[in-house]
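First up is the structure itself, then whatever we jot down about it.
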Amino acid sequence: MIENEYYGQEGHGPYELHSIGDLQLEEGGTIRNCQLAVATFGSLNAPRDNAILVPTWYSGTSKIMEQVYIGKGRALDPEKYFIIAINQIGSGLSTSPHNTPMPGGHGHFPRVRIGDDVRAQHKLLTERFGIDKLALFVGGSMGAQQTYEWAVRRASCPSALSLRLRWVGCTLLSFRSTTRKTPACLSTNCARN
């Protein structure tokens, strides 16, 4: 492991590390004791339905999202919502090549797919926070790819994900209506869900 001051609380905090245990990867292999760096803002309400998931992108962190979008009177207002910003696996704050011990670290770090990020996020949301419903998920760049993956997984395999997600926001509504009309989507039954 390499200590890297850049990926710390001073520059990118505050955040907490949450272990989701071993993460089996879609391309094979395992990340042992996968740690997700998570920043939360606001409070989860009693029905647990005011949660917003904000997955980050490869070079972005929860701090960047906080500085731009999260705050009183901003697009993501913690006075109304419980905002959970999860730093992407491999981004430097969550489990990454530099902070993973050998033999799985550095150049031996396994290939992580967007689907792996989504499964890790799902596990964190359901097991750590007891959330089974999101008000919204939003992300930019690779964070947006993760929101699309959430949409695809929710449409095509609802039994695999127990989250009952309400579709909000133009991007996801547009994406979902587009996928419902494609031959690939029709052949995978997502048009009926």
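The values are calculated or read from the model by the stated rules, or taken from the named source; none is laboratory data. Computed from a predicted structure; not experimentally measured. Quick reminder, even Gly has a Cβ in these numbers, built from the backbone with ideal geometry, and neighbours come from all protein chains shown.
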For the stretch 77-91 the number of residues that are surrounded by fewer than 22 Cβ atoms within 10 Å (Cβ to Cβ) and either in contact with a helix residue (DSSP H, G or I) (Cβ under 8 Å, 6 or more places away or on another chain) or among the charged types (D, E, K, R) (or both) is 4
Over the stretch 42-62, the set of residues surrounded by fewer than 21 Cβ atoms within 10 Å (Cβ to Cβ) and closer than 17 Å to HIS18 by Cβ is LEU44
Log entry, pairs with first residue in the stretch 39-56 being of a type in the set (Ser, Thr, Tyr) and at pLDDT 95 or above, second being surrounded by 15 or more Cβ atoms within 10 Å (Cβ to Cβ) and outside any loop (DSSP other than H, G, I, E, B), beta carbons closer than 8 Å, six or more apart or on different chains, reads THR40/PHE82; THR40/ILE83; THR40/ILE84; THR40/ALA85; SER43/PHE82
One residue is enough: does the stretch 101-117 have a residue meeting the conditions surrounded by fewer than 24 Cβ atoms within 10 Å (Cβ to Cβ), in contact with a Lys or Arg (Cβ under 8 Å, 6 or more places away or on another chain) and under 16 Å from GLY21 (Cβ atoms)?
yes
Subset of the stretch 1-24, residues in a strand (DSSP E or B) and among the charged types (D, E, K, R), comes to GLU16
When the stretch 13-41 is checked residue by residue, the ones that are more than 24 Å from ASP116 (Cβ to Cβ) and crowded, with 20+ Cβ neighbours inside 10 Å are PHE41
Counting only helices (runs of 4 or more DSSP H) wholly inside the stretch 102-193, the ones holding at least 1 residues that are touching a Ser or Thr at 6+ places or on another chain (Cβ under 9 Å) and at pLDDT below 85 are 142-156, 170-179, 183-187
